[in-house]
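Structure, as structure tokens:
Values quoted throughout were computed directly from the atomic coordinates according to the rules given, and no laboratory measurement underlies them. What you see is a predicted model; the values in this text were computed from it and never measured. Here the Cβ positions follow ideal geometry from the backbone for every residue, glycine too, while neighbour counts run over all protein chains shown.
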2 protein chains.
Amino acid sequence: MSKDTLPSRSENFAEWYNQLVLKAELADYAPVRGCMVVRPYGWTLWENMQAGLDRRFKETGHVNAAFPMLIPLSFFEKEQEHVEGFSPELAIVTHGGGEKLEEPLAVRPTSETIIGHMYAKWIQSYRDLPVLINQWGSVLRWELRTKLFLRTAEFYWQEGHTAHATAEEALEETYQMLDVYADFAIKDASIPVIKGIKSETEKFAGAQMSASIEAMMGDKRALQSGTSHFFGENFAKAFDIQYLDQNNTLQYCHTTSWGLSTRMIGAVIMVHGDDQGLALPPEIAPFQAVLVPIYRKDTEKTLVMPVVDKIKTELLAAGIRLKLDDRDEVTPGFKFNDWEMRGVPLRIEVGPKDVAKGTVAFARRDIPGRDGKTFISQENLASQVQEMLQAIQSNMLAKATAFRDANIHDVTDYATLQEIVNDGWAYAWWCGDTNCEVQIKAVHSESVALAEYVLYRSPWPRSTAPQCSATH
Amino acid sequence: MSKDTLPSRSENFAEWYNQLVLKAELADYAPVRGCMVVRPYGWTLWENMQAGLDRRFKETGHVNAAFPMLIPLSFFEKEQEHVEGFSPELAIVTHGGGEKLEEPLAVRPTSETIIGHMYAKWIQSYRDLPVLINQWGSVLRWELRTKLFLRTAEFYWQEGHTAHATAEEALEETYQMLDVYADFAIKDASIPVIKGIKSETEKFAGAQMSASIEAMMGDKRALQSGTSHFFGENFAKAFDIQYLDQNNTLQYCHTTSWGLSTRMIGAVIMVHGDDQGLALPPEIAPFQAVLVPIYRKDTEKTLVMPVVDKIKTELLAAGIRLKLDDRDEVTPGFKFNDWEMRGVPLRIEVGPKDVAKGTVAFARRDIPGRDGKTFISQENLASQVQEMLQAIQSNMLAKATAFRDANIHDVTDYATLQEIVNDGWAYAWWCGDTNCEVQIKAVHSESVALAEYVLYRSPWPRSTAPQCSATH
């Protein structure tokens, strides 16, 4: 790390973000255009996110598998909307083992096609259904304007692909996985997302319906943070995914897919970060607490370090992800700033006075300054740390929710809509007509994400909408 | 699954292997030449292996990260031996986003080059060392003759890449990771590997020294199951990985890399499998035990199922990876064969007589037939299952070790060597001269892997070798 300060978040949000990602050593630019390197601190954050998601996937009956990263180009042409959506973004392998390939291969931008091909082979009977498979990996989409974590050519994600006997069951899966994403975002990442259904023009290439979770960033913009798609029979027909039902009749499967990516790391940065740097929710933070010994002279060090080592052993044994910062070449003040910048939720300080009193000092990342500082007895320290981490986790969600709700405004006319979306979100009526969507986006292409935002199972009463907020 | 039987392992080992991989649904052929799909049962096996390795990597101070899958072609040319070794195997991306690329990109066959490039950027001072990073992912090598898990174009692995201040420390790391692999193979996979150092002609392209673990398969052939490489300053000089030492002098780093792949799944199949199918060590088995209810009439089912459900709850709560096979459309006998073929270590049967007596029947996969069957009280069942799984794990290692040792022969002359290596391993003296190696391989290219097999820290006393077993 270096001592130079970050740009101010309020003054230059974009530059604050870019520099913070580099300075906190979350990621770096790769020597391949548009690609990133996810550094150990960023990857550990992603591993913790993966654990939270993977547990939820398995609890809902899914299993993991691995499909090839290369896909024959012809596969994309089997589903018309899919090929139109993804062709411009493909990276193409033309040579292998020193020879030109007969058929070029695409590096996967998403895996519906190759997984559909395999499902057609594996699925014979209704007894084989549902097939509930997830894959962790990376995909590649040739992007021109890239930004670390938010939009890179190669990015890391999971993609779930499921096949079902009926449309109802596939729709149920689509909604279930949206719920799983929302549960993860809220509980693990402390991000209060809103679930919604994408407009016709914004849905996934080849989908009948796409749903997403959307989060409000610190600059009041929306970030799509996870998507879940219902394909109906579209891919089943393109790839011949059929099964014999109980009456021995051949039927098409109904399929879904759903994905959440390292973009979620970008969301965590932009929702919780501040001028001091990152603020990471304890549930996913690489280090939940940092332990900083405080001493000036060697005599003080001799007093402090045995207590610090004892505390370290106790907290690690309790399963707390603890970092002991015992560097001698930098001051405690430097360490405080450094770990604040890296977003560690809780700092635990132990100095000579603490040793004398049998206490430690807690400093919360979510409540800066004196208000976040308390002195705690060394007794039962592990359980006190765990309680504090839970309090921090909840408070981060509460803060993010309050910020979001303060920046969503009810809107009933087009003029107000135009004003609001420059600096916040608008709850507005929309008739669902693509013309209105195009018109609004022509003016506000950067700030407007048009979606029929509906909470699952309480659908938008479109027919009863009083008036579209667009001009007609 | 189907009811057709496997080829006999002793009569046609290769075909037995191919069919078993497909039949057990571990993997399938992909629609891309030389690539495989790892199906959920195979991938869960790999996930369990990953967990055992990842824990060991982290215990030895390593962290995970992610580097791009695409590498500029020019990177390969920076290390002369590396480019010669890997050029013939590269898959090349020539187009992206609809346009021809200025510089073609290779799909990574291994990541020394791109990671070396990043290390040069990240490492400045001795304080930044050592850098101990691992990456989980897949790589691509254009292979002509492929075999599921053993040799495919794309395969899954981990690759560790470390940078150190001194050659001694880097060598220590090289050996440490070989030890980690051996510990994993022996304890988790019940495979008694032998650690050794590869010959000059067999070492990794660009390495100063390559070490490997080698395992004896059921057909008495050797399978290289993990490698650890010492690069000295080779890659550091090629990529300018330098640091300022304590005296403010610029020094080159010393680097290592080490990898273990899904080939290890092939080893597990070929070491432990038999004519009935797979036999999986409990530590890594997707299902450690299968619970099979036995009943003929509905009245029996009504008796048996409540006990079965209670046992299921108890064993799952104890963390045992249990599969309840409650299919009604197949017979218990079919289920027995099916799960034996899939290698589940322990079968637990519960029938009406067991309900009356308060017992269950255990059937061990590692001891076929009556000898492996015992009746156990339902009391403290979870701990009895755990003990039995440990016994199975140990016995599988003991069996594999006995088989290996029975098929390693001491050899002192060339004629015997030639005879032995057709059906076993030979312990033979070798002077270390490449000419002798070439000569032996010309006759036995399929069966001879020449390595200076040495146990770490008790090096081969090459100078005291009585006589090379080759002709001179």
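Taking the alpha-carbon centroid of each part, what is the distance from the range B:244-274 to the range B:70-142 in angstrom? Answer, in whole Å: 16.
A simple spin-label model places pseudo-atoms 7 Å from Cα toward Cβ; at residue B:317 and residue B:249 they are separated by 6.6 nm. Legend: mean number of C-beta atoms from other chains within 10 angstrom of residue C-beta atoms, peptide A:68-75, equals 6. Under a model in which nothing but the beta-carbon of Lys, Arg (+1) and Asp, Glu (-1) is charged, chain A shows a dipole of about 1380 debye around its Cα centre.
Reported value for the range A:173-229: 70 Å³ per residue, from the convex hull of its C-alpha atoms. Within 10 Å of the Cβ of each residue in B:96-106, the mean number of Cβ atoms contributed by other protein chains is 5. Exceedance of the 20 Å cut-off in Cα-Cα distance is limited, within the set A:203/A:399; A:121/B:23; A:297/A:373, to A:203/A:399; A:297/A:373. Label points for residue A:357 are taken 7 Å from Cα along Cα→Cβ. From this copy to the others they lie 6.8 nm apart, shortest first. Per the Debye formula on identical point scatterers at the alpha carbon atoms of the range A:47-184, with no solvent, log10 I(q)/I(0) at q = 0.12, 0.16, 0.18 Å⁻¹ is -0.58, -1.00, -1.20. Residue B:125: net charge of surrounding residues, Cβ under 12 Å, Lys/Arg +1, Asp/Glu -1, itself excluded? Residues close to residue B:125 contribute a combined charge of -2. With its label point defined 7 Å out from Cα along the Cα-to-Cβ axis, residue B:128 lies at 5.2 nm from the matching points of the other copies, in increasing order.
If we sort A:151-160, B:256-265 on the protection proxy, mean other Cβ atoms within 10 Å, highest first, what's the order? Let's see the in-between values first.
Numbers: A:151-160: 21.4, B:256-265: 24.6.
Sorting A:151-160, B:256-265 by mean packing, highest first, produces B:256-265, A:151-160.
Once the Cβ-Cβ distance between residue A:409 and residue A:81 is put in as r, and R0 is 35 Å, what FRET efficiency do you end up with, to the nearest 0.05?
Calculated value: 0.50.
Rg/Rh, computed from the Cα trace of the protein assembly as shown with Rh as the Kirkwood radius, has the value 0.97. With coordinates expressed along the principal axes, the C-alpha atoms belonging to the range B:268-322 extend over 43, 28, 8 Å, beginning with the largest. Protection proxy ranking, highest mean first, for peptides B:313-324, A:211-222, B:420-431: A:211-222, B:420-431, B:313-324, where packing is the per-residue count of other beta-carbon atoms within 10 Å, averaged. With the label put 7 angstrom out from Cα along the Cα-to-Cβ vector, residue A:5 ends up 8.0 nm from the copy partners, going from closest to farthest. Which Cα, out of B:307, B:205, B:380, lies furthest along the positive dipole direction of chain B (beta carbon charges, K/R +1, D/E -1)? Working it through, the farthest residue towards the positive pole turns out to be B:307. Around the Cα centre of the range A:56-144, unit charges on the Cβ atoms of Lys, Arg, Asp and Glu (plus for the first two, minus for the last two) sum to a dipole of about 440 debye. Normalised by residue count, the range B:252-347 yields a Cα convex hull volume of 119 Å³ per residue.
How far is helix B:381-406 tilted, in degrees, relative to the longest principal axis of the Cα atoms in chain B, given as a value from 0 to 90 rounded to the nearest 10? Approximately 50 degrees, to the nearest ten.
The modelled label-to-label distance for the pair residue B:275/residue B:377, using points 7 Å beyond Cα in the direction of Cβ, is 3.9 nm. Only helices enter this figure: runs of n ≥ 4 DSSP H residues, each worth -39500 (n - 2.57), summed and divided by the residues of the protein assembly as shown, yield -11000 deg cm²/dmol at 222 nm to the nearest 500. Binning the C-alpha pair distances of the range A:1-50 at 10 Å intervals from 0 yields a P(r) profile of 24, 44, 30, 1 %, listed from the shortest bin outward. Within the range B:289-392, the proportion of Cα pairs with more than 18 Å between them is 43 percent.
When the P(r) is computed for chain A, the part past 30 Å accounts for 53% of the Cα-Cα pairs.
In the range B:47-145, taking the dipole from charged Cβ atoms about the Cα centre, the farthest positive-side position among B:109, B:136, B:120 is held by B:136.
When the P(r) is computed for the range B:77-126, the part past 13 Å accounts for 68% of the Cα-Cα pairs.
Across peptide A:82-94, the mean count of Cβ atoms from other chains lying within 10 Å of each residue's own Cβ comes to 4.
Against the compact-protein benchmark of 2.2 N^0.38 Å, the Cα-based radius of gyration of the range B:13-272 scales to 1.03.
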